[in-house]
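I have placed the structure first, in the form of structure tokens, so that the comments after it can refer back to it.
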Amino acid sequence: MHLELNNLEKRFGDVAAVRDVSLELEQGKVLSLLGPSGCGKTTTLRMIAGFETPTHGTIRLGGRDIGGLPARFRNIGMVFQSYALFPHLSVASNVAFGLEMRGMGAAERTERVRRALDVVRMTGLEERLPKELSGGQQQRVALARALVIEPDLLLLDEPLSALDLKLREEMRDEIHRIVRELNLTTVFVTHDQGEALVLSDVVAVMSNGKIEQLDAPRVLYQQPGTAFVARFIGGANVLPGRVGNGGASFEADCGLSFPAPSTMDRIGSVAIRPEDILLSREGDGVPARVDRARFLGSVVEYTLAFEGKGHITARIDAKAHYAEGAMIRVAAAPDRAVFLEDAP
């Protein structure tokens with residue numbers, strides 16, 4: 001089902017929690033609302049679900065304006081961060097609850113529950129209580145309960161945040177499988193960029209109630225449009241500086257230099273990702289001191305300090321090693337630099 005938001009706004013008194021949010025999501029596609037706490041992503045989701053009333057703007061689902069409809073009439077499935085399972089009901093009864101509220105007959109209800117539990121791979125656990133399930137199993141039940149009503153739209157509100165790392169990755173892949181199998185239009189709220197990049201067809205990066213950039217995951221990572229997006233997606237270094245050499249180069253304050261594009265009227269900063277920083281013990285490059293070295297397994301992450309000109313983060317293969325306190329030379333892959341109009 002096609003989803004469309006137009007100039008959506010939500011105010012709480014004088015505070016604008018969501019401002020001028022507009023987007024379209026095609027049938028079967030997955031959208032992630034991504035951003036830090038307080039950016040407006042959950043409020044946007046709650047307006048789509050019908051739990052919050054927009055101050056301004058429209059919400060259309062399948063061409064129908066649903067902004068004024070109560071939540072129970074929108075045919076939207078929602079999975080909450082806390083799962084929100086009824087502790088005294090069995091797995092099957094939890095999944096069937098929404099169907100009972102719709103007055104569905106017992107035979108059809110039983111068949112729908114069976115199919116939903118099969119989709120989330122929980123067949124055989126119908127009679128267990130939530131307390132007898134693992135966190136991942138409880139999350140599957142919550143997902144089955146949202147799917148059993150055959151929703152026009154699925155909403156997921158940080159559904160993986162309560163799980164440990166390995167289980168979170170497994171459930172992330174399960175959600176990806178299920179929504180693709182069912183061709184289900186889905187909106188996913190998260191503050192985890194990895195989840196958003198893996199799960200989504202399109203990502204809306206939000207800050208201060210507004211969408212900073214709306215793009216495919218690969219575009220967001222490779223071509224961030226603002227300093228905020230560059231930092232939030234992949235932790236890029238955003239370096240201030242100025243255009244020099246007659247407009248031919250951008251000279252970062254730290255000493256790094258990049259060929260400047262002729263197509264931009266104004267350059268406020270340059271973004272370069274930690275994996276695109278080049279380190280050597282001697283030779284070309286800008287001198288810097290290793291302030292911190294963090295072993296991350298396959299890579300080592302370094303915090304490097306330039307002489308009175310700020311810091312930069314680099315990630316390189318763990319086979320190379322530079323000791324904390326060592327003086328090294330720093331360069332950057334010029335073809336990986338992204339020039340931004342705004343300053344850090």
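Here the residues 257, 249, ranked from fewest to most Cβ neighbours within 10 Å of their Cβ, fall in the order 249, 257. Figure legend: label point modelled 7 angstrom from the Cα of residue 4 along Cα→Cβ; residues of region 21-38 with amide N under 11 Å from it are 23-25.
Within region 126-275, the percentage of alpha carbon pairs spaced more than 20 angstrom apart rounds to 60%.
Rounded to the nearest 500, the 222 nm mean residue ellipticity of the chain from helices alone is -7500 deg cm²/dmol, with -39,500 (n - 2.57) taken per DSSP H run of at least 4 residues.
For the chain, modelled as a GNM with alpha-carbon contacts under 10 angstrom, which of 52, 307, 26 fluctuates the most? Checking each option, the largest mean-square fluctuation is seen for 307.
Cβ-to-Cβ counts within 10 Å put 212, 341, 174 in ascending order as 341, 174, 212, the fewest first. Out of every Cα-Cα pair that region 3-222 contains, those further apart than 32 angstrom amount to 17 percent.
Computed over the chain with a Gaussian network model linking Cα atoms closer than 10 Å, the most mobile of 105, 255, 68 is 105. When the charge dipole of region 229-340 is built from unit charges on Cβ atoms (+1 for Lys and Arg, -1 for Asp and Glu) and taken about the Cα centre, the candidate among 263, 238, 283 whose Cα reaches farthest toward its positive end is 238. Scanning the chain for DSSP H helices at least 24 Å long along the axis (C-alpha atoms) with a Kyte-Doolittle mean no lower than -1.0 picks out 165-182. Charging the Cβ of each Asp and Glu at -1 and of each Lys and Arg at +1, and nothing else, the dipole of region 3-222 about its Cα centre rounds to 340 debye.
Number of Lys-Lys pairs in region 3-222 with C-alpha atoms under 23 Å apart and a separation of 8 or more places or on different chains: 6. Among 149, 272, sorting on how many other beta-carbon atoms sit within 10 Å of each Cβ, with the fewest leading, yields 149, 272. Compute, for region 104-205, the length of the dipole vector about the Cα centre, with Cβ point charges of +1 (Lys, Arg) and -1 (Asp, Glu) only. Units Debye, rounded to 20. That gives a dipole near 260 debye.
Calculate the FRET efficiency for residue 129 and residue 243 from the Cβ-Cβ distance with a Förster distance of 45 Å, rounded to the nearest 0.05. Efficiency computed from Cβ-Cβ geometry: 0.10. When the chain is treated as a GNM with alpha-carbon contacts under 10 Å, the residue of 216, 288, 107 showing the greatest mean-square fluctuation is 107. Projecting the Cα atoms of 16, 70, 37 onto the charge dipole of region 3-222, computed from C-beta unit charges around the Cα centre, puts 70 farthest toward the positive end.
A crude spin-label estimate for the pair residue 294 and residue 14, with each label 7 Å from Cα along the Cβ direction, gives 3.8 nm. Where Lys and Arg each count +1 and Asp and Glu each count -1, what net charge lies around residue 215 among other residues with Cβ under 14 Å from its Cβ? With Lys, Arg at +1 and Asp, Glu at -1, the net is -1.
Model label sites at residue 324 and residue 58, defined 7 Å from Cα along the beta-carbon direction, differ in position by 5.9 nm. Region 307-331 and region 7-48 have their alpha-carbon centroids 39 Å apart.
Computed from the coordinates by the stated procedures, all read-outs in this text should not be read as laboratory data. All values derive from a computational prediction rather than experimental measurement. Ideal geometry is used to build each Cβ from the backbone, glycine not excepted, and the neighbour counts take in all protein chains shown.
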